Amino acid sequence: MRAWGLEQIRNTPIYTVLHPTLKKLDWPQDWPSLADYQRLLDGLPQPVVTASGKPLHVVAQATEKPLDWQHGYEPRIYLHGELQTRLESWHDCFNWLTWITLPLSKAALNARQYALLEARQMMGEAAGPRSAKQDTLTQFDESGVIVLSAELELTQLLRDFRWKSLFWEQRDEVRTNMRCFLFGHGLMERALNPYRGLTGKGIVLPVTKEFLDRPLADQLMQVDQMLAQRITDTSQFLSPLDLAPVPILGFPGFTADNERAEYYEDERYFRPGRSLRVK
């Protein structure tokens, strides 16, 4: 496990999505305690709430199997606002940070997961394997990526798996007219020690060029609203095939290794693939 320290996260483009949040929090010098997490939550200008209206608060990770489905991880968030958090865990720290950074989206994701669990209970399917919808939402929660694109041509290159054309031949255009924001807290944890193969499960949000000129905090507020609307739409996130594989280390600035054209010729990472049905 990587030791506690926020300097790499504060100064690394791959964590740009978290930078405004990190700047406004008075972090402890060592790993946060549960009380530290709660203190930081309580000090926010606006409370973080679930879709059911419950204020989010940090509790210890359960050590025993839940008594029933309503005591599971997602239901406890939805019904009581209880975010189970382990100490000295980057995975859980990033989850907590994402709740603060994109609260509407995390709340929408939790609400959909809760609704699916409740429906399975009513249908007597609770003991069966997770549905495709549940898998899709879980994959996005753990490994999600938000790609903003102000150019249809760039979006199409991503959908067509034309990675070298996108990230190298259109490199200046990508820098100007695309953004990649990590959403999945599992992906954020893996990015602490980036490796060739690091891939997210993404969606593309079309934006204008003017949007990308706004301050980052303003962009994220709008992105949170757009993403939450898409997650709430029950015609979206139906299958893992709805998520675009995004080799995130292809984005300029995310690794020094991609400053040469040959980097994008490694098809073990930049794989050709199917035409995406991602909207």
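Descriptive notes on the structure:
- Only residues that are part of a helix (DSSP H, G or I), out of contact with any Gly (no Cβ under 9 Å at 6 or more places or on another chain) and surrounded by fewer than 23 Cβ atoms within 10 Å (Cβ to Cβ) were counted in the stretch 137-151, giving 1.
- Options Leu25, Leu34: the member that is closer than 25 Å to Leu220 by Cβ, of a type outside the set (Phe, Trp, Tyr) and surrounded by 15 or more Cβ atoms within 10 Å (Cβ to Cβ): Leu25
- Verdict on Ser165 being modelled with pLDDT of 95 or more, assigned by TED's automatic domain parsing to the domain that holds Gln222 and closer than 21 Å to Pro240 by Cβ: no
- Scanning the stretch 149-190 for residues that are over 24 Å from Leu137 (Cα atoms) and basic (Lys, Arg) yields a total of 4.
- The lone exception for Phe254 - which of (1) assigned to a helix (DSSP H, G or I); (2) in contact with a strand residue (DSSP E or B) (Cβ under 9 Å, 6 or more places away or on another chain) it fails: (1)
- Among residues that are outside the structural domain of Trp27 (by TED's automatic domain parsing), surrounded by fewer than 20 Cβ atoms within 10 Å (Cβ to Cβ) and either assigned to a helix (DSSP H, G or I) or at pLDDT 95 or above (or both), Glu118 is not included.
- Residues being crowded, with 18+ Cβ neighbours inside 10 Å and of a type outside the set (Val, Ile, Thr) - total across the stretch 73-94: 11
- Residues of the stretch 70-114 that are in contact with an Asp or Glu (Cβ under 7 Å, 6 or more places away or on another chain), aliphatic (A, V, I, L, M) and assigned to a helix (DSSP H, G or I): Leu104, Leu109.
- For Gln46, the criteria (1) out of contact with any Phe, Trp or Tyr (no Cβ under 7 Å at 6 or more places or on another chain); (2) surrounded by 11 or more Cβ atoms within 10 Å (Cβ to Cβ); (3) of a type outside the set (A, V, I, L, M) hold in every case but one, which is (2).
- Qualifying residue in the stretch 40-49 (condition: over 26 Å from Phe181 (Cβ atoms), modelled with pLDDT of 95 or more and under 21 Å from the mean Cα position of the chain (by Cα)): no
- Scanning the stretch 57-69 for residues being part of a loop (DSSP other than H, G, I, E, B), of a type in the set (A, V, I, L, M) and out of contact with any Lys or Arg (no Cβ under 9 Å at 6 or more places or on another chain) gives a total of 1.
- Pairs with Cβ under 9 Å, 6+ apart, first in the stretch 237-265 and among the basic types (Lys, Arg), second buried (at least 16 other Cβ atoms within 10 Å of the Cβ): Arg260/Trp168
- Of the residues screened, Lys65 is not one that is at pLDDT 95 or above and surrounded by fewer than 19 Cβ atoms within 10 Å (Cβ to Cβ).
- Subset of the stretch 121-136 [over 20 Å from Ile248 (Cβ atoms), part of a helix (DSSP H, G or I) and either in contact with a Cys (Cβ under 8 Å, 6 or more places away or on another chain) or in contact (Cβ under 8 Å) with a residue 12 or more places away in the chain (or both)]: Gln121, Ala132, Lys133, Gln134, Asp135
- On the stretch given as the stretch 207-221, residues that are of a type in the set (D, E, K, R) and outside any helix (DSSP H, G or I) total 3.
- Selection within the stretch 19-39 - in a helix (DSSP H, G or I) and under 21 Å from the mean Cα position of the chain (by Cα): His19, Pro20, Thr21, Leu22, Lys23, Lys24, Tyr37
- Given (1) out of contact with any Pro (no Cβ under 9 Å at 6 or more places or on another chain); (2) of a type outside the set (S, T, N, Q); (3) within 20 Å of Gln229 (Cα to Cα), number of the condition Val59 does not satisfy: (3)
The values are calculated or read from the model by the stated rules, or taken from the named source; none is laboratory data. The structure displayed is predicted, hence computed values, not measured ones. Cβ coordinates were reconstructed from backbone atoms using ideal geometry, including for glycine residues, and neighbour counts include every protein chain displayed.
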